[in-house]
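Structure first, then comments.
The values are calculated or read from the model by the stated rules, or taken from the named source; none is laboratory data. As the structure is a prediction and not an experimental result, all values here were calculated from the model. A quick note on method: Cβ atoms are made from the backbone with ideal geometry, for glycine too, and the neighbour counts reach across all protein chains shown. Areas reflect the complete protein model, heavy atoms only, side chains present, ligands, DNA and RNA absent. Shrake-Rupley method; radii C 1.70, N 1.55, O 1.52, S 1.80 Å.
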Amino acid sequence: MTFPFKLVATDLDGTLLRGDDTVSERTREALGAATAAGAAHIIVTGRSVPWTRHILDDLGYEGLAVCGQGAQVYHAGEHRLLTSLTLDRQLAGLALSKVEAEVGPLALAASRDGLEGEVLVGPGYRVQEGPLPYVFVDDASEMWAAPLNKVYLQHPELDDDALATAARAAVGNLVDVVMAGPGVVEILPLGLSKATGLSLAARRLGVKAADTIAFGDMPNDIPMFGWARHGVAMANAHDTLKAVAHEVTASNEHDGIAVVLEDLLRTGSIAAAPH
């Protein structure tokens, strides 16, 4: 049976990774079978390279990865950045002032550009517990001292959806705003998305959007679903992503990627019709 896609694009958190930051053996085997059938696998994540590299190394992943919401195309096998787009810090500062004028003071963190770029965390920013490294800074102005690929926002009262909506309305066409996960609202360069990074990586592989199946769980995956031929939302996905998905699979805890890939490998065709 012929596998119907040449590219499998998977988000990381909430999609490929389980809650304990591991990839199940079943999912590893399904991805291995898809690549053996001729498809490339690309990880497409909001995480910057320094927060992604250890996972790729653990997977034995040597292909291309799209990191930083599309800002970075990274060659995992060579540990090399192929492309890197930075956020205009002056525009970002102006955008933040507009957001704060609408919703009040924000807590901030920032991801510095580069293979070793640190995530700097300012006063009041709530960091999720886990293995990802960060550096606290007492003076938020330190965040702006070197090139950045994104700025993270938190509000003491507004939830993620409300903050993202308010920020998007306030910034106009200065920057883009995405909600990428629980407690993760980000300011990005205008026009940047997972779709832009994935299209660059796919071009390097000689693969087109029409050859691509994409898996995701959050609103920041919407552009990727718009680009790919077939978008699959996890059962645990945000409702806005499910609304634009071609199908919904099992959750990241229950091998949702493997469920779809195994079916495709068995039948050679897409079971669910696009809507």
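By accessible area, using a 1.4 Å probe on protein heavy atoms only, the chain has 53% of its surface on carbon and sulfur.
Each peptide in 146-156, 20-30, 213-223 gets a packing score, the mean of other Cβ atoms within 10 Å over its residues, and the list from highest to lowest is 213-223, 146-156, 20-30.
The dipole here belongs to the chain: it is taken about the Cα centre, uses +1 on the Cβ of Lys and Arg and -1 on the Cβ of Asp and Glu, and is about 1060 debye.
Working note: 222 nm ellipticity from helices only, DSSP H runs with n ≥ 4, each -39,500 (n - 2.57), summed and divided by the residues of the chain, gives -9000 deg cm²/dmol to the nearest 500. Volume of the convex hull of the chain (Cα atoms only), normalised per residue: 116 Å³. P(r) tail for the stretch 1-55: Cα pairs beyond 18 Å make up 36% of the total.
Rolling a 1.4 Å probe over the heavy atoms of the protein chains gives the chain an accessible area of 43 Å² per residue. Helix 89-103 versus the longest principal axis of the chain: what angle, 0 to 90°, nearest 10, using Cα atoms? So the inclination is approximately 80 degrees.
Model label sites at residue 81 and residue 243, defined 7 Å from Cα along the beta-carbon direction, differ in position by 3.5 nm. Would you tally the net charge around residue 242, using a Cβ to Cβ cut-off of less than 13 Å, leaving residue 242 out, and scoring K and R as +1, D and E as -1? Computed value for this residue: -4. When Rg and the Kirkwood radius Rh are both evaluated on Cα atoms of the stretch 1-127, their ratio Rg/Rh stands at 1.06.
Over all distinct Cα-Cα pairs of the stretch 220-275, the Kirkwood formula returns a hydrodynamic radius of 11.5 Å.
Look at the alpha carbon pairs under 8 Å that are at least 6 residues apart: their mean separation over the length of the stretch 151-230 gives a relative contact order of 26 percent.
Each peptide in 258-269, 132-143, 190-201 was scored by the mean count of other Cβ atoms within 10 Å over its residues; highest first, the order is 190-201, 258-269, 132-143.
Between 0 and 90 degrees, rounded to the nearest ten: what's the tilt of helix 49-59 against the longest Cα principal axis of the chain? That works out to roughly 30 degrees. Listed values for the stretch 221-231 are Karplus-derived 3J(HN,Hα) couplings in whole Hz (6.51 cos²θ - 1.76 cosθ + 1.60, θ = phi - 60°), namely 8, 4, x, 5, 5, x, 7, 6, 5, 9, x, and x replaces Gly and Pro. Counting Lys and Arg as +1 and Asp and Glu as -1, what is the net charge of the other residues whose Cβ lies under 10 Å from the Cβ of residue 214? Once positives and negatives cancel, what remains is 0.
The 3J(HN,Hα) values that the Karplus relation (6.51, -1.76, 1.60; θ = phi - 60°) gives for the stretch 33-47 are, in residue order, 5, 5, 5, 5, 7, x, 8, 8, 10, 10, 7, 10, 10, x, 5 Hz. Gly and Pro appear as x. Estimated at 0.36 nm per residue, the fully extended path between residue 203 and residue 25 surpasses their Cα-Cα distance by 61.1 nm.
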